[in-house]
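The values are calculated or read from the model by the stated rules, or taken from the named source; none is laboratory data. Not measured: the values here are computed from a predicted model. With ideal geometry, Cβ positions are generated from the backbone for all residues, glycine too; neighbour counts draw on all protein chains shown. With ligands, DNA and RNA removed, areas are computed over all heavy atoms of the protein, side chains included. Shrake-Rupley method; radii C 1.70, N 1.55, O 1.52, S 1.80 Å.
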Amino acid sequence: MNLAAAGTILWGFLDTYLRYRFLDKMLGSKVRYTYLWFYLGNIIYGQINVRLSLAVTLRGNLFYLCGCAFLLNLLLFYGSVIKKFFFTLWMYCGAELVFDMLFILLDGLAIGRGKDGCSDMVISAVGVAACLVQFAMMEILQRKLCILRQDFEKQDAFYLMPVILFIYASVSMLTVMFGGVSDWTSETALAAAIPCSLIAFCGVVLHVYCIVRLEANLEGRLKSQQAQMMERHTEVVTMQYEQMMKIRHDIRNHRLCLAELLSEGRKEAAAKYLEEWNLRMEAGQSAVQTGSLFADALLNPKYQQAKGLGIDMDISMCAPKEEQMAPVDLCCLLANALDNAMEACMRGDEDGRTPGWIRVRAEMRGEYWILEVKNPIDSPVPVQEGREASVKRVRRHGIGLQNMRAVVERYGGVMDIKIDSCFVLSVMIPLPLATEK
């Protein structure tokens with residue numbers, strides 16, 4: 001094996017690994033040995049193209065290579081079809097845009113020096129450089145835009161995918177037109193190459209902006225949900241306050257009534273009256289108090305919902321402060337954990353058994369916030385790499401665990417799942433010490 005062949009093999013490993021890493025971070029792998037299958041799939045459809053020449057034009061490359069990559073991603077990664085197609089298209093078009101930007105500039109420089117254009121070696125180097133720039137963009141985006149691991153709305157993708165295709169088509173046509181001119185002079189070639197390359201660079205910037213815009217839309221929706229949660233909490237607190245004011249207003253009358261019953265020796269009636277009074281007092285208090293307005297606003301309705309379904313739910317927890325963990329991340333963890341636990345309990349109710357129970361515990365240990373959620377299960381549920389294989393065809397359960405894992409990884413924590421006699425979800429997140437205001 002000569003040096004060129006060895007370099008080609010090593011480059012193939014690096015290329016497929018970095019693309020696989022990006023998709024795994026953004027979507028999540030759903031099969032064992034995903035990278036191996038991803039690498040073999042790329043070799044297979046690449047060799048088919050080499051032997052049958054199915055993609056020899058820009059349009060052919062777009063349809064064949066992008067289509068084969070999409071089918072492979074469809075089999076190996078989580079997420080909706082639209083989400084997979086969006087990231088596949090973004091990755092493919094990004095490398096092509098960077099290649100066109102560099103090719104136009106270097107080709108113009110070569111013609112300006114009196115040559116016919118870029119040599120094959122320079123074109124190969126441009127291809128490698130384009131891939132490296134694309135890898136750098138993917139690395140930056142997958143680190144900063146972790147929020148995209150959650151499902152985004154289909155209309156966002158439908159809005160941005162035509163923009164990506166338009167940018168790709170425009171820059172590709174510009175590259176073909178520049179390379180198709182055979183009578184460039186050394187003076188005019190560079191003068192034309194610089195603005196054309198700048199246009200292609202603007203296409204790359206817009207290409208990155210599509211992902212940034214997608215994240216902004218998702219953050220806007222999450223902030224809207226956070227505002228709705230705060231509004232709901234305010235309504236609950238207002239109702240509790242009004243009820244407590246009514247009880248305090250009547251407390252003197254309650255005391256007089258109890259004193260009268262006791263003075264008459266009617267102890268049973270007084271005890272019954274006191275019991276009813278205690279029930280009303282308890283109704284005026286929150287069932288769950290964690291120290292976080294947002295967590296209380298989420299957990300109290302969940303607690304009442306579970307109680308209405310016959311689920312024995314017990315919550316004992318303290319929540320991180322806002323300066324330690326963003327409220328939207330805290331609510332994402334708690335909402336997905338409780339939804340999955342309640343769903344598991346109700347599956348027993350559908351089979352004619354009791355709905356089940358849920359135990360939620362959370363506490364601060366030093367600089368770590370530890371959350372544990374337990375619930376019974378009817379049968380063992382397979383878990384691969386921390387992602388539960390849902391029994392429902394829509395895989396909503398697995399998506400919830402992916403969202404939780406995304407939050408945990410964002411804070412540098414760990415998430416563990418144990419399945420034995422019951423389902424145990426454990427989360428440990430390092431948090432900075434909160435400053436007292």
Candidate set: the range 75-96, residues that are of a type in the set (F, W, Y) and without any contact (Cβ under 8 Å) to a residue 60 or more places away in the chain; chosen: the one least open to solvent (accessible area, probe 1.4 Å): F77
Residue match in the range 33-48 (condition: under 26 Å from S170 (Cα atoms), assigned to a loop (DSSP other than H, G, I, E, B) and not charged (D, E, K, R)): no
From L334, L299, L338, L330, grab the single residue that is under 17 Å from K223 (Cβ atoms) and part of a helix (DSSP H, G or I). L330
Working only within the range 331-364, note down all residues that are over 17 Å from M415 (Cβ atoms), at pLDDT 80 or above and of a type in the set (D, E). E343
Which listed residue, of A193, A200, is modelled with pLDDT of 85 or more and over 33 Å from the mean Cα position of the chain (by Cα): A193
Subset of the range 49-74 [open to solvent by 50 Å² or more (accessible area, probe 1.4 Å), assigned to a helix (DSSP H, G or I) and among the hydrophobic types (A, V, I, L, M, F, W, C)]: V50, L52, L58, F63, L71, L74
Go through (1) among the small types (G, A, S); (2) modelled with pLDDT of 85 or more; (3) open to solvent by 50 Å² or more (accessible area, probe 1.4 Å) and name the single condition G41 misses. (3)
At pLDDT 85 or above, under 26 Å from A4 (Cα atoms) and surrounded by 23 or more Cβ atoms within 10 Å (Cβ to Cβ): does that describe F99? yes
Restricting the search to the range 288-329, which residues are acidic (D, E) and open to solvent by 30 Å² or more (accessible area, probe 1.4 Å)? D312, D314, E322, E323
Look through the range 302-327, keep the residues that are of a type in the set (D, E, K, R) and outside any helix (DSSP H, G or I), and return whichever of them is farthest from A406 (Cα to Cα). D312
Among the candidates M177, M173, M161, M137, residue that is of a type in the set (A, V, I, L, M, F, W, C), at pLDDT 85 or above and open to solvent by 20 Å² or more (accessible area, probe 1.4 Å): M173
Can you find even one residue in the range 109-121 that is open to solvent by less than 70 Å² (accessible area, probe 1.4 Å), closer than 26 Å to G7 by Cα, touching a residue at least 60 places away in the same chain (Cβ under 8 Å) and not β-branched (V, I, T)? yes
Of the residues in the range 370-429, those that are assigned to a loop (DSSP other than H, G, I, E, B), within 16 Å of the chain's Cα centre (by Cα) and either modelled with pLDDT of 80 or more or hydrophobic (A, V, I, L, M, F, W, C) (or both) come to Y411, G412, G413
Name every residue in the range 355-369 that is among the charged types (D, E, K, R) and part of a strand (DSSP E or B), in order of residue number. R359, R361, E363, R365
Take the range 1-23 and flag every residue that is under 26 Å from F86 (Cβ atoms) and either of a type in the set (A, V, I, L, M) or at pLDDT below 85 (or both). G12, L14, L18, L23
Looking at (1) β-branched (V, I, T); (2) more than 30 Å from D156 (Cβ to Cβ); (3) at pLDDT 75 or above, can you tell me which one V328 breaks? (2)
Given (1) open to solvent by 40 Å² or more (accessible area, probe 1.4 Å); (2) more than 29 Å from G117 (Cα to Cα), index of the condition L105 fails: (2)
If G79 satisfies all but one of (1) on the phi > 0 side of the Ramachandran plot; (2) part of a helix (DSSP H, G or I), what's the number of the condition it fails? (2)
Checking R232, R280 in turn, the sole residue that is under 37 Å from the mean Cα position of the chain (by Cα), at pLDDT below 80 and among the basic types (K, R) turns out to be R232
Kindly indicate whether L3 is touching a Phe, Trp or Tyr at 6+ places or on another chain (Cβ under 9 Å), without any contact (Cβ under 8 Å) to a residue 12 or more places away in the chain and surrounded by fewer than 16 Cβ atoms within 10 Å (Cβ to Cβ). no
So M26 clears everything in (1) over 27 Å from P162 (Cβ atoms); (2) open to solvent by less than 20 Å² (accessible area, probe 1.4 Å) except one condition, right? Which one? (1)
